[in-house]
Amino acid sequence: MTRKAAREQLFKLIFEAELKETSLNEIFNSFLKRVSEEEIEISEESLNFIKKYALGISEHSDEILKKIENTMEGWSFERIGNIEKALLKGTVYELSYENTPKEIVINETVELAKKYGDTKSSEFLNGVLAKFV
């Protein structure tokens, strides 16, 4: 699994947590169980990436939400869709706490928004993230 694919899997876990209104840690543990039981092929490197980011997002959740709220103008976090919430949480975490080049992080987020969001999701996220950085 590439880093891009691992980032997409992480997005899906964050999205699942948003939909179920449960903790990302609980969703990650469920994911680990599914990987084990269903013998899903995932490299140790990808699994470590997803684990590190899921734990980091959970640990810094309040700070991440404040950063998002402070960046969005005219919007509240509760008002945006679950896809956008999940993408923002993962991206703001990575931009704030990891050393990945911001261009890569933002580009992959915009691509995920194009794939999973509605027609305006990628533009909205690109604007919010441009202001954030």
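A few comments on the model shown:
- Within segment 74-113, being of a type in the set (Asp, Glu) and under 15 Å from Ser58 (Cα atoms) holds for Glu94, Glu98.
- Here Ile14 fits the description: under 16 Å from the mean Cα position of the chain (by Cα), under 19 Å from Ser96 (Cα atoms), of a type in the set (Val, Ile, Thr) and part of a helix (DSSP H, G or I).
- Failed condition for Gly74, given (1) small (Gly, Ala, Ser); (2) in contact (Cβ under 8 Å) with a residue 24 or more places away in the chain; (3) at positive phi: (2)
- On the stretch given as segment 105-130, residues that are in contact (Cβ under 8 Å) with a residue 60 or more places away in the chain and either more than 15 Å from Lys12 (Cβ to Cβ) or in contact with a Leu (Cβ under 9 Å, 6 or more places away or on another chain) (or both) total 3.
- Taken over segment 1-18, the criterion of being surrounded by 17 or more Cβ atoms within 10 Å (Cβ to Cβ) and either touching a strand residue (DSSP E or B) at 6+ places or on another chain (Cβ under 8 Å) or among the small types (Gly, Ala, Ser) (or both) is satisfied by Ala6, Ala17.
Where a number appears in this text, it was derived from the coordinates with a stated rule and is not lab data. Everything quoted here is computed from the prediction, not taken from an experiment. Note: ideal-geometry Cβ built from the backbone for every residue, glycine included; neighbour counts use all protein chains shown.
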